[in-house]
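The values are calculated or read from the model by the stated rules, or taken from the named source; none is laboratory data. What you see is a predicted model; the values in this text were computed from it and never measured. Don't worry about glycine lacking a Cβ; one is built from the backbone with ideal geometry, like all the others, and counts go over all protein chains shown.
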Amino acid sequence: MKERPLMLLSNDDGFSAPGLAFLVDVLRPLGDLIVCAPDTARSGMSAAITATVPLRMRLISEEPGLTIYKTNGTPVDCVKLALNYLFKDRKPDAVFSGINHGTNASVAIHYSGTLGAVIEACINDIPAVGLSLDSHTWNADFEPSRPLIRCLAEQVLSKGLPRGSCLNVNIPNTSDLKGLRLCRQARGRWVEEFDERKHPRGDHYYWLTGNFYNDEPESEDTDMHAMKEGYVAVVPSCIDMTDYRLMQQMQGWDLK
């Protein structure tokens, strides 16, 4: 008898986040799930790991097909701990991270704890998918994305992903999703501002604010454009950050 697919789920919004609960509900019919997620929000952690304090992992609940753990670590810590202690006998068939409350399109992939977990799985040669909804509201409506997420997950489980590759999936905040669209990562940047305030004791402190700026608003093949048009943006990404075009150009440099 063929084994049911085994999946690891994580996120950066914490183990109690509605986005993670929804993802569990979508994927549970497809296989057995082990959730290992931070005990509280760890957004913007990227590839951060914990090295100065002990990590702790606590079992929250266990039932047939679904086991949930929380840790005091980052999303990457969660994946590392899970792969080393929860998957000793069998490697997961796929890792899914999210669904994040807030988009991780364009350059946000570099800051995202959601994608940090994905990249860690990718480094370990496990097919991995990061999912994010373009809404920071805690009671955001994830339901319109259900059939599209399931469709993509079924494809990943049956076909796998090339070694060193992963998927960054971003969902527009609309009830009228048009489908999945393969696209590239948009070139953009955050125009950052800091809200400076003064503490009653005299010290100054700062809250990071700012807005995203799309450097190519007219391009129609990007994740930003796909989301604007009502499509779920699917960006194939890889962990090899080598710039092969620049490498070729530098062959003519006088490097001693």
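What strands (runs of 3 or more DSSP E) lie completely within the stretch 142-237 and have 2 or more residues being more than 17 Å from ASN104 (Cβ to Cβ) and aromatic (Phe, Trp, Tyr)?
Hits in the stretch 142-237: 204-214.
Condition (residue is over 30 Å from ILE126 (Cα atoms) and modelled with pLDDT under 95) applied to the stretch 220-230: is it met by at least one residue?
Within the stretch 220-230, none of the residues are over 30 Å from ILE126 (Cα atoms) and modelled with pLDDT under 95.
If I filter the stretch 54-64 for residues that are within 24 Å of PHE142 (Cβ to Cβ), among the charged types (D, E, K, R) and without any contact (Cβ under 8 Å) to a residue 40 or more places away in the chain, do I get at least one hit?
yes
Restricting to the stretch 12-44, what's the tally of residues that are farther than 15 Å from LEU131 by Cβ, at pLDDT 95 or above and among the aliphatic types (A, V, I, L, M)?
1
List every residue pair whose Cβ atoms lie under 6 Å apart, where the two residues are 6 or more positions apart in sequence or sit on different chains, the first residue falls within the stretch 135-150 and is under 16 Å from ASN100 (Cβ atoms), and the second residue, located anywhere, is aromatic (Phe, Trp, Tyr) and part of a helix (DSSP H, G or I).
Close Cβ pairs satisfying both conditions: PHE142/PHE22.
Testing GLU192 on (1) of a type outside the set (A, V, I, L, M, F, W, C); (2) surrounded by fewer than 16 Cβ atoms within 10 Å (Cβ to Cβ); (3) at pLDDT 95 or above, one condition comes back false. Which one is that?
(3)
Limited to the stretch 158-174, what total is found for residues that are surrounded by fewer than 19 Cβ atoms within 10 Å (Cβ to Cβ) and more than 20 Å from GLY19 (Cα to Cα)?
Residues flagged as surrounded by fewer than 19 Cβ atoms within 10 Å (Cβ to Cβ) and more than 20 Å from GLY19 (Cα to Cα) within the stretch 158-174 amount to 7.
Go through the stretch 163-202 and count every residue that is out of contact with any His (no Cβ under 9 Å at 6 or more places or on another chain) and free of Cβ contacts under 8 Å to residues at least 24 places away in the same chain.
The number of residues fulfilling the criteria is 9.
Does PRO92 count as touching a residue at least 60 places away in the same chain (Cβ under 8 Å), over 22 Å from ASN170 (Cα atoms) and not hydrophobic (A, V, I, L, M, F, W, C)?
Spelling it out, PRO92 is indeed touching a residue at least 60 places away in the same chain (Cβ under 8 Å), over 22 Å from ASN170 (Cα atoms) and not hydrophobic (A, V, I, L, M, F, W, C).
Residues that are farther than 16 Å from LEU27 by Cβ, assigned to a strand (DSSP E or B), in contact with a helix residue (DSSP H, G or I) (Cβ under 9 Å, 6 or more places away or on another chain) and of a type outside the set (Phe, Trp, Tyr): does the stretch 114-125 have at least one?
no
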